[in-house]
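Written out below as structure tokens is the structure these notes cover.
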Amino acid sequence: MTLSDAMAAARAGRREEARALLMRVLETDERNAQAWLWLSGVVDDPEEMRVCLDNVLHLEPSNPHALKGIAILDQKYGRPQAREVGQPADAPAAPAEAAAPATPAPAAEVAAPAAEVATPAAPPSEPMAAPAVADVEVARPAPAAPVAGDAAPCPCCGAMMPLKLRRCTQCSRPMLLHTPPNPEEGSRSLTLLAFLWVLPVIIAFVFVIFLWGPIMNSRVDLLLDGASRIIVLIILSVISLPAILIARGLFLRRRWAFIVAVILLGLNTLGFLQRVVEFVIMVAQSDDIQMLTSSTMIMVLMLVVLVISFLWISFQGFLLYRGYPKVFGSKVRFVHTVGAGTAAEHYNTGIALKEQGMWYAAMQEWEAAAYGDAANVQYLHALGLAYAQVKQRAKAISTLEHAITLAPNDQRLRETYQMVQTLA
């Protein structure tokens with residue numbers, strides 16, 4: 001049996017046959033994006049559809065059919081209720097189960113679908129026999145301290161990775177989380193940079209005041225009268241105003257001031273490079289020994305100016321580099337910890353983590369939810385899916401079997417259980 005046979009069965013409306021064939025294909029090749037995509041069109045549970053489509057997007061992030069399928073699910077049934085990771089929730093209720101999932105099969109390949117929404121299988125008139133398994137006790141979730149030395153589990157697949165790594169070597173997903181800057185935390189680098197911006201203004205005003213002093217007054221009177229001095233002071237104030245505003249913005253860690261400082265530093269760097277090129281050309285053209293000797297002092301002065309300019313530009317660049325995280329935030333290694341909360345809060349936190357592709361972190365939250373409410377089939381179903389996603393198939397099967405003993409008529413559970421068993 002091949003993928004083409006499964007596609008033919010799906011086009012003919014033989015959903016159960018297509019589902020079984022696709023599971024066989026995935027049993028031999030779990031990274032078959034087309035098989036996951038077609039499987040999303042023949043399962044009846046919206047959560048399973050999302051899992052299939054998430055797997056497609058993990059393998060092919062720009063797959064248009066998977067993106068369209070996710071959009072259809074969001075439009076018809078809404079996104080799963082979730083809250084921001086790490087934010088407290090005011091006793092949220094667990095999201096209600098969807099009644100009739102959409103069928104996001106590839107629109108470009110499926111010929112004349114019978115209906116846009118698949119009709120869910122009717123529940124059997126008599127209870128279906130549950131697998132003969134002993135009661136499974138939900139394990140207590142691990143303590144909220146997953147860091148072991150200089151390594152921590154990847155929030156997506158759970159593989160232990162050194163803290164210095166930015167991307168997981170097992171699942172190839174990034175492990176960094178953007179953290180916004182702390183508004184109450186200061187920045188010595190930006191404070192010093194702001195002082196450097198306002199320093200020339202201070203020197204200029206001190207010089208003007210010195211010219212108006214009694215020592216220089218007699219000499220200045222020969223050049224400037226009273227009105228001219230006022231005009232000079234006004235011009236100096238207008239010229240100094242942008243520098244004062246930029247210095248204030250840097251001190252307050254405003255993004256616009258930081259960007260302006262970077263642009264001006266770039267222009268200053270270009271001017272410095274131009275002066276370096278002119279200096280090199282002048283030295284190269286001074287082939288006459290007498291001419292070179294006569295201009296030695298000028299060249300030394302130019303070289304000193306270039307060195308000072310280089311140090312000045314480098315120091316400003318260093319301060320901007322150090323101050324960048326204080327303005328735009330930084331990316332840090334995400335290490336998930338399970339905090340205190342109700343079962344519903346843990347479940348919703350797991351949904352939020354799963355939406356970001358962090359299946360292992362979601363599994364930890366759903367373990368806490370299932371431990372807090374071991375009879376909640378929805379929590380056990382989500383936990384079983386998470387176990388399967390992080391390749392813990394034995395735990396996935398036992399958890400789903402336990403859920404089936406609690407809800408033997410739940411067709412969605414049985415389909416998930418069958419899929420996990422096939423892939424095990």
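The values are calculated or read from the model by the stated rules, or taken from the named source; none is laboratory data. Keep in mind the model is a prediction, meaning the values are calculated, not measured. Cβ coordinates were reconstructed from backbone atoms using ideal geometry, including for glycine residues, and neighbour counts include every protein chain displayed.
Annotations for the structure displayed:
- Under the condition of being within 30 Å of C52 (Cβ to Cβ) and assigned to a helix (DSSP H, G or I), the residues counted in the stretch 306-355 number 13.
- Search result, residues across the stretch 59-69 that are touching a residue at least 12 places away in the same chain (Cβ under 8 Å) and either crowded, with 19+ Cβ neighbours inside 10 Å or not in a helix (DSSP H, G or I) (or both): E60, N63, H65, A66, G69
- Criterion (outside the structural domain of T269 (by TED's automatic domain parsing), out of contact with any His (no Cβ under 7 Å at 6 or more places or on another chain), over 28 Å from T422 (Cα atoms) and of a type outside the set (D, E, K, R)) met by exactly one of T405, T337: T337
- Answer residue from the stretch 2-51, given it is among the acidic types (D, E) and under 27 Å from Q356 (Cα atoms) and is surrounded by the fewest Cβ atoms within 10 Å (Cβ to Cβ) among those: D29
- Residue match in the stretch 399-409 (condition: within 23 Å of A159 (Cβ to Cβ) and surrounded by fewer than 23 Cβ atoms within 10 Å (Cβ to Cβ)): no
- Test set (1) surrounded by fewer than 18 Cβ atoms within 10 Å (Cβ to Cβ); (2) under 28 Å from the mean Cα position of the chain (by Cα) - L353 fails condition number: (1)
- Residue count for the stretch 290-334, restricted to those that are under 30 Å from A386 (Cα atoms) and either among the basic types (K, R) or surrounded by 17 or more Cβ atoms within 10 Å (Cβ to Cβ) (or both): 3
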